[in-house]
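The values are calculated or read from the model by the stated rules, or taken from the named source; none is laboratory data. Computed from a predicted structure; not experimentally measured. Virtual Cβ from ideal backbone geometry, glycine too; neighbours counted across all protein chains shown.
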Amino acid sequence: MLRRLASLLPGIDVVHLHGFSQKNVPVAVTARLLRKRSVLTLHTSGQDEPQAADVRGQLSGWAFRSADLFLPVSPNLARRCEAAGIPKSKIRVTPNGIDLDRFTPATPSERSELRREFGWRPGERVVLFVGFFSRDKRPDLLFRAWKRLVSDGVSAKIVYIGATASPYFEVDKAIADEIRSGAAALGRAADIVFVPPTHTVQRYYRAADAFVLSSIREAHPVALLEAMACGLPCIASRIEDATDVIIEDGVNGRLVDVDDEQAMADALTDVLSNAGRARTLGDGARRTVAARYDIHQTAERWLDAYRTVLR
């Protein structure tokens, strides 16, 4: 990596790093030796933070702070930078951007065709989860909320999209196994579907009835924005300066307290049992993403960051 960097950097004006890990250290050192400007986008709460870099040692902390400009995707990451003493003048909240042409609501005929392709029955209500299976993303919380729906006589299918087993340290294979066995014990195994990571995830958003983000830790969740852009009524855990800056409860989605499975079950019942309510929330969600999270806005903010550090 160092050899490749040394060959590339002489012809590069700005290094733009996304996220922070130990790999940032040699990149930061090489960039500084060659007197290159750098921009660091911070994506992940609990990981892409100066406090987390400091825990790894003095050199790691230096590498983090060596960036000329910081672009946290959410206010909570910006707040963590300020708390660590990074000057406000070097911090610019720059949200993730969504391609509104790719992530767009389906027409009724498109939706029907997609559902037919997926093998979903006409009138079957489908709840979507998108994300790898980690304890912090709480796919099991959605399952427990779904079991409450079933006991109340509300029928729905859950489609989980994401890695259920992976060498990535956050993925816990036991979660999917527990969900499978739990659904089988209820005689409802067919109502829980697992889909591997896919590059055509927008097809599922455009066909589903609702989306759930059950995480306890997020910064600026892209999957939530994608689902909102597709006009889905979305339910998310209330995470300070993360999901609560995206969703206004009851206006463009639903917010529920972290780890509150009854509240999540109630919110699911709300959007699955009232088509007019679901449509209103989905329309509000699409308007929010179009106004605030269009990828063209993010691109302009990145370009302005490059111009700033080059000046």
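Brief remarks on what is shown
- Only residues that are buried (at least 19 other Cβ atoms within 10 Å of the Cβ), within 23 Å of the chain's Cα centre (by Cα) and outside any loop (DSSP other than H, G, I, E, B) were counted across the stretch 137-185, and they come to 15.
- The residues in the stretch 219-244 that are over 12 Å from the mean Cα position of the chain (by Cα), touching a residue at least 40 places away in the same chain (Cβ under 8 Å) and within 23 Å of Pro105 (Cβ to Cβ) can be counted, and the count is 6.
- Looking at Gly97, Gly61, just one residue is small (Gly, Ala, Ser), touching a strand residue (DSSP E or B) at 6+ places or on another chain (Cβ under 9 Å) and surrounded by 15 or more Cβ atoms within 10 Å (Cβ to Cβ), and that residue is Gly97.
- Qualifying positions in the stretch 169-223 - closer than 19 Å to Asp259 by Cα and in contact with a Cys (Cβ under 9 Å, 6 or more places away or on another chain): Ala210, Phe211, Val212, Leu213
- Considering Arg35, Arg3, the condition of being part of a loop (DSSP other than H, G, I, E, B), modelled with pLDDT under 95 and charged (D, E, K, R) is satisfied by Arg35 alone.
- Every pair of residues 6+ apart whose Cβ atoms lie under 9 Å, when the first sits in the stretch 54-79 and is without any contact (Cβ under 8 Å) to a residue 12 or more places away in the chain while the second is of a type in the set (Asp, Glu): Gly61/Asp54
- Residues in the stretch 64-94 that are under 13 Å from Leu40 (Cα atoms), touching a helix residue (DSSP H, G or I) at 6+ places or on another chain (Cβ under 7 Å) and of a type in the set (Lys, Arg) were compared, and the one that is surrounded by the fewest Cβ atoms within 10 Å (Cβ to Cβ) is Arg92.
- Some residue of the stretch 90-104 being assigned to a helix (DSSP H, G or I) and in the same structural domain as Pro233 (by TED's automatic domain parsing): no
- Any hit, the stretch 186-193, residues being assigned by TED's automatic domain parsing to the domain that holds Arg148, crowded, with 24+ Cβ neighbours inside 10 Å and aliphatic (A, V, I, L, M): no
- Checked against the criteria, Ser112 does not count as in a helix (DSSP H, G or I), modelled with pLDDT of 95 or more and crowded, with 16+ Cβ neighbours inside 10 Å.
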